[in-house]
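K.L.:
This is the structure, below, for whatever I ask next.
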Amino acid sequence: MQTIFIMIKAEMGRAYDVANLAVDTEQVSEVYSISGQYDLLLKCYLDDGTDIGHFVTETIQKLPGIRDTFTMIGLKAFS
């Protein structure tokens with residue numbers, strides 16, 4: 001299982017719309033509104049072998065209201 005985090009800049013006034021669409025996406029586990037340069041943070045779990053770039057560009061970036069994304073790949077989870 002691959003864990004990725006995607007930060008999203010939404011179009012003005014569209015952050016809640018984007019959040020509601022993102023939370024309904026199968027691989028998206030959690031959606032947070034955040035402060036700073038980005039509006040939302042998505043935590044996603046992808047099956048091993050899933051092309052991360054394809055998931056981001058074909059699934060997340062095509063959601064209406066998204067202006068920009070920044071993706072980080074989780075390497076190891078500590079508990």
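K.L.:
Within segment 1-25, work out how many residues are of a type in the set (Gly, Ala, Ser) and in contact (Cβ under 8 Å) with a residue 24 or more places away in the chain.
P.N.:
Step one: of segment 1-25, the residues of a type in the set (Gly, Ala, Ser) are 10, 13, 15, 19, 22.
Filter once more, so that each one left must be in contact (Cβ under 8 Å) with a residue 24 or more places away in the chain: 10, 15, 22.
Counting residues in segment 1-25 that are of a type in the set (Gly, Ala, Ser) and in contact (Cβ under 8 Å) with a residue 24 or more places away in the chain gives 3.
Each row is one residue, and each column tells you yes or no for (1) in contact (Cβ under 8 Å) with a residue 24 or more places away in the chain; (2) crowded, with 18+ Cβ neighbours inside 10 Å; (3) in contact with a Leu (Cβ under 8 Å, 6 or more places away or on another chain).
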{"site": "Gln27", "(1), (2), (3)": "yes, no, yes"}
{"site": "Val31", "(1), (2), (3)": "no, yes, yes"}
{"site": "Ser35", "(1), (2), (3)": "no, no, no"}
{"site": "Asp39", "(1), (2), (3)": "yes, yes, no"}
{"site": "Tyr45", "(1), (2), (3)": "yes, no, no"}
{"site": "Asp48", "(1), (2), (3)": "yes, no, no"}
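K.L.:
Now for a different question. Check off (1) out of contact with any Phe, Trp or Tyr (no Cβ under 8 Å at 6 or more places or on another chain); (2) exposed (fewer than 14 other Cβ atoms within 10 Å of the Cβ) for Met1 and give me the number that stays unchecked.
P.N.:
Condition not satisfied by Met1: (1).
K.L.:
Step by step: first the residues of segment 4-25, then only those that are more than 18 Å from Gly74 (Cβ to Cβ) and of a type in the set (Gly, Ala, Ser), then the one that is surrounded by the fewest Cβ atoms within 10 Å (Cβ to Cβ). Which residue is that? Give the steps one after another, and end with the answer.
P.N.:
Initial filter on segment 4-25 (more than 18 Å from Gly74 (Cβ to Cβ)): 9-21, 23-24.
From what's left, of a type in the set (Gly, Ala, Ser): 10, 13, 15, 19.
Details: Ala10: 22, Gly13: 8, Ala15: 19, Ala19: 22.
Restricting to residues being more than 18 Å from Gly74 (Cβ to Cβ) and of a type in the set (Gly, Ala, Ser), the top hit is Gly13.
A short reminder: the numbers here are calculations on the coordinates, not readings from a lab. Just so it is clear, the structure is predicted and the values come from calculations on it, not from any experiment. As a convention, Cβ positions derive from the backbone with ideal geometry for all residues, glycine included, and neighbour counts pool all protein chains shown.
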